[in-house]
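Only one structure is covered here, and it is reproduced in the block below.
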């Protein structure tokens, strides 16, 4: 039986010439993360927050 993938890329956008941003969902916890790749090895990952500062969880 195949194991479900832990992470899913929900949305991917080009932000600039070398910059992309995508929303990654952890399929075990439901937590949404924003990953930004600025090219040349630069990038960052952070949990997405709502207007009240709560972590966004997709279930």
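The values are calculated or read from the model by the stated rules, or taken from the named source; none is laboratory data. Computed from a prediction, not measured in an experiment: that's the story for all the values here. In this analysis, Cβ positions are derived from the backbone assuming ideal geometry, glycine residues included, and neighbour counts consider all displayed protein chains.
Restricted to region 1-14, and to residues that are over 12 Å from the mean Cα position of the chain (by Cα) and at pLDDT 85 or above, which residue is farthest from residue 43 (Cα to Cα)?
5
Out of the residues in region 20-59 that are in a strand (DSSP E or B) and in contact (Cβ under 8 Å) with a residue 24 or more places away in the chain, state the one that is farthest from residue 8 (Cα to Cα).
55
Please work out which one of (1) assigned to a strand (DSSP E or B); (2) modelled with pLDDT under 90 is the condition residue 17 fails and give its number.
Checking residue 17 against (1) assigned to a strand (DSSP E or B); (2) modelled with pLDDT under 90, the one that fails is (1).
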